[in-house]
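Below: the structure, in structure tokens.
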Amino acid sequence: MYPAEWVPKIDRQMLNTELTLGLESSYGPSPLRKRSGVPEPTVFNLPTTFNRSILDIPQMLYEFNGYRPVVHASSFVHPQAVVTGNVTIGKDVYIGPGAALRGDWGEIVISDGCNVQENCTIHMFPGVKVMLEEGAHIGHGAIIHGAHIGRNCLVGMNAVLMDNVELGDECIVGALSFLPADSVWERRKVIVGIPPEQ
């Protein structure tokens, strides 16, 4: 639970009735409002859901074609991440907000200890299995489309790994890099650029 003073309040009188969010302060009215002559707003409490732990909010896990995502109890899937269909998430995994894991036409396996950060997309062509081996880290906004990611790999922010890419264990893919379809990378390589170089 958050301290009571952190609970958001709605200000319905500011800026021609546009809704703005503010925090009630124990220090009284804001100095800016005093100087500007703007009257203190009427404050309405938001629904109690805003004062709940993020863990209490339902996750967006969707069944597709009879497949339902399976998530280990020790893993964290952010409520704003979307996980659909034939997806298996192992132990101690983090799935960040805005991530989309679509196991609709194939299968996705996220092994133990993986980290899929904000706004990542993981998808595939029909019948393909996407595999993130143990300890793989997928940086903000990266796209994994039908690739196999080895153990302890790091895929940088906004990198794109296309279909049938085989990324060996302990590789690092630089931010904004593009790995073309069917490329195979040996273990412990640093891969950067468009076209990629090691």
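From least to most packed, judged by other beta carbons within 10 angstrom and beginning with the fewest, Val70, Val77 follow the order Val70, Val77.
You can think of it this way: the chain between Asp169 and Phe125 has 13.5 nm of extra reach, that is 0.36 nm per residue less the Cα-Cα gap. Roughly what would the spin-label model give for Asp182 and His72, points 7 Å off Cα along C-beta, in nm? For the pair Asp182/His72, the computed spacing is 3.5 nm. Other residues lying with their Cβ under 12 Å from the Cβ of Asn164 contribute a combined charge of -2, Lys and Arg counting +1, Asp and Glu -1. Both numbers refer to the Cα atoms of the range 117-173; Rg and Dmax are 10.1, 28 Å. Quick one: grab the alpha carbon gyration tensor of the range 49-198, order the square roots of its eigenvalues as a ≥ b ≥ c, and give me rounded if a/c is under 1.5, else prolate or oblate depending on whether a/b is larger than b/c. Prolate, since a/c reaches 1.5 and a/b exceeds b/c.
Report the gain in length on full extension from Met60 to His140: 0.36 nm times residue separation, minus Cα-Cα distance, nm rounded to one decimal.
26.9 nm
Under 5 Å from the amide H of Lys129 lie the amide H atoms of Glu107, each residue being 5 or more positions distant or on a separate chain, with H modelled from the backbone and absent for Pro and chain starts.
A short reminder: the numbers here are calculations on the coordinates, not readings from a lab. Everything quoted here is computed from the prediction, not taken from an experiment. Note that we place each Cβ from the backbone using ideal geometry, even for glycine, and neighbour counts take in every protein chain shown.
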